[in-house]
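Novice: Handing you this structure, nothing more for now.
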Amino acid sequence: MTIKDIAKLAQVSVSTVSKILNHKDDDISEETRKKVLKIVKQYQYTPYSKVRETAAWRSCTFAVIIPKNLSYQQELIVSIEQAAVSNGYNIMVYFTKTQADEIKYIQILSGKNMDAILLYPIGEQKKSIELLEQQKIAYLLLKKIKQTQILQVYGDYEKATYLATKHLIQYGHQKIGLLLQENRHGDDCKEGYMQALFEADILFEAGNIFVGQDEVEAGRIGAHQLINRNLSAVICENEKIACATYATCQRHATRIPKDISVVCIHTMGFFNTLYPKLDIVTLNWQEVGKQAVNMILQKIESKKEITKNRVSVSPILIQGESVSNPFEKIYGSSQKMIVVGSMNVDSIINVEKLPTDGETLLSNHIVVLPGGKGLNQATATAKLGGLVYMIGSLGNDTDGKKLYHCLVENGVKTEGVRFSTTLSTGKAYVNVAKGGESTIVVYPGANGELDTYQIRQQKKLFQLAQYCLLSLEIPQKTAMYTIKMCHETNVIVFLKPATIETLDYDVMKYIDYFIPNEKELHKIVQGEDSLEQKAEWLFQQGIKNVIVTLGAKGCYLKNEEYHMYFNAAPFEPQDTTGAADSFIAAFAVAISEGKDILSAIVFATYAAGISVSRLGAQPSMPDRTAIDLYKAEIMEKIAEIKKELY
Ligand code: RIB
């Protein structure tokens, strides 16, 4: 194919073809130029080497200069190549690591007959732009810069962060953090973030933005700091920050999206490998590449004036599973609850009836499950939406690790859990009779090492928390110390007095809710008095609310306002183990949500009812959805009780 052949095919003169190929075509009509170029591209015309050496010759090739470590580099290059090829052009890619590389390549390209350079600049662009201007090669930047007269097509971080922030605000989030990486797109991200907050009348707090030196610092230290600021959502500038944030959340037993929602500005392809799947705002690099090629083609093929030099490609929101309503919106409370108590591995032994003295029975079903009053209460509270911190002691053995995982999986925060170096994890042997009644023998093991020092170490947590669920099977001294610590730090105490014989008089006035079962009540308050009289006596000693759980018979409440019985919820019993733990957890969650004591007790009786209808202690604890199935019934009962009272 010669220049003559092209002229013949296009039905123009040889000199017209030559002018077009040498960029000297200002006097040639657009229609003719397009016709000639179409044939040149179709037949991939290459002139003789002598001609090729002249700088002005059209090569139908674009140079793309792009940083090597740009995370979306591949997506961008592929989209540029596709758009270029479909318009009859090729691309040559030059990877840069430093600004010096960028300048070197621009200089080299001056002798290479490129039709255009598409540059993604590194850092300060002044020098590169000066060079490009000198060389008179058409060029375009793939990044937003201040000089608006220069052609630029870019993915818009400002709009993307604005969209991400708005997305979270629409879900009801107000406390939103921003995790950025130094020297990237921080300024644009901040703009978009602040704009969305401003439009929603949310006060901007500088401390909610963290700028890390790299992705890991942003996602580890930054995410940790933001979690501690009690934010309900974070936006990550890129996916590496999001990955580190996920790891941080896992380490601190912070559930995504239940405790914290995460949105990420999409920069790489692996967003959908994370669990839960990330909500992303994609910068739409495909479109950036396409529009960049269209714009540069308009510049070099059509001599028409380009009216808009700066094109920002609109980002798109793709919803995953990492955003939900903030905790308070779902459950009305984000108050911290501490659980201090035992953690055991329960061997549950099913028998026809409970064994009596000297009796040997056969069991046809034994199962080993997580348990312990502390662990049961902590996981039950978390399942119901509580923000729970466990303080307890495990053995450094396989059982200990399993129980630790059980806490983490259920969203309990575990900073207060210690591993004993000398004792094995606590164990409980639970006999469950046919009707669901049970007896328990506990080997405390590591639970016995939960001492006052471990409680004192968590003083900061007590200062931040509002509620403490305390149960025994830990040293009595530690329990009494915990009650005093709660008093000192203004924390409301719920006490389940299993395994204690006596209660120190001096702590009674610090107990807000005392929740024994009938046997425990009679053990603590000796004598022939009735249950009501004993509850009254405890109340007189300073305990503010006494709630005696009575199994299938419901419970009894004594406080300043009421002395009354409540029925149990109507469930068929399978296994009563852990029912009281379920009751206490649900009761505490309801109180933390601001429910009155009558409503909280009815809510708790349903939690306990569901728990007895299932096997095991910890696994039988219902979550919020399970209780909400009975919402109408619960409301009806509460209304009935209140109607009778007033
Ligand atoms: O309240 C039930 C629990 O008591 C069981 O899980 C067992 O471990 C004992 O602590």
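The values are calculated or read from the model by the stated rules, or taken from the named source; none is laboratory data. Since the model is a prediction, treat every value here as computed from it, not as a measurement. Cβ coordinates were reconstructed from backbone atoms using ideal geometry, including for glycine residues, and neighbour counts include every protein chain displayed.
Novice: With the condition being among the aliphatic types (A, V, I, L, M), I'd like the helices (runs of 4 or more DSSP H) fully within segment 402-517 carrying at least 2 qualifying residues.
Specialist: Those helices (runs of 4 or more DSSP H) span 459-464, 476-488, 505-508.
Novice: Among residues belonging to segment 439-453 that are surrounded by fewer than 19 Cβ atoms within 10 Å (Cβ to Cβ) and among the polar types (S, T, N, Q), point out the one that is nearest to the ligand (Cβ to nearest atom).
Specialist: Selected residue: 439.
Novice: Please go through (1) over 38 Å from the mean Cα position of the chain (by Cα); (2) within 16 Å of the ligand (Cβ to nearest atom); (3) of a type in the set (A, V, I, L, M, F, W, C); (4) crowded, with 18+ Cβ neighbours inside 10 Å for residue 340 and return the number of the only condition it doesn't satisfy.
Specialist: Here residue 340 clears every test but (1).
Novice: Could you list, in sequence order, all residues of segment 343-379 that are in a loop (DSSP other than H, G, I, E, B) and crowded, with 21+ Cβ neighbours inside 10 Å?
Specialist: 343, 372
Novice: Quick check, is residue 584 within 16 Å of the ligand (Cβ to nearest atom), under 37 Å from the mean Cα position of the chain (by Cα) and in contact (Cβ under 8 Å) with a residue 40 or more places away in the chain?
Specialist: Yes; evaluated as a whole, the condition is true for this residue.
Novice: Taking only pairs six or more apart or across chains, which ones have beta-carbon atoms under 6 Å, a first residue in segment 465-491 that is within 11 Å of residue 342 (Cβ to Cβ) and modelled with pLDDT under 95, and a second residue that is surrounded by fewer than 24 Cβ atoms within 10 Å (Cβ to Cβ) and among the polar types (S, T, N, Q)?
Specialist: 472/499; 473/499
Novice: Keeping to segment 449-476, report how many residues are of a type in the set (A, V, I, L, M) and touching a Cys at 6+ places or on another chain (Cβ under 7 Å).
Specialist: Of the residues in that region, 0 qualify.
Novice: Answer yes or no as to whether residue 433 is at pLDDT 90 or above, farther than 18 Å from residue 373 by Cβ and within 16 Å of the ligand (Cβ to nearest atom).
Specialist: Details: at pLDDT 90 or above: yes; farther than 18 Å from residue 373 by Cβ: yes; within 16 Å of the ligand (Cβ to nearest atom): yes.
Yes: the conditions hold for residue 433.
Novice: Is there a residue being modelled with pLDDT under 80, farther than 21 Å from residue 87 by Cα, among the acidic types (Asp, Glu) and under 59 Å from the mean Cα position of the chain (by Cα) anywhere in segment 2-11?
Specialist: Taking every residue of segment 2-11 in turn, none turns out to be modelled with pLDDT under 80, farther than 21 Å from residue 87 by Cα, among the acidic types (Asp, Glu) and under 59 Å from the mean Cα position of the chain (by Cα).
Novice: Does any residue in segment 431-454 that is in contact (Cβ under 8 Å) with a residue 12 or more places away in the chain come within less than 6 Å, Cβ to Cβ, of a residue that is among the basic types (Lys, Arg) and within 16 Å of the ligand (Cβ to nearest atom) six or more places away or on a different chain, and which pairs are these?
Specialist: If the second residue must be among the basic types (Lys, Arg) and within 16 Å of the ligand (Cβ to nearest atom), the pairs left are 443/427.
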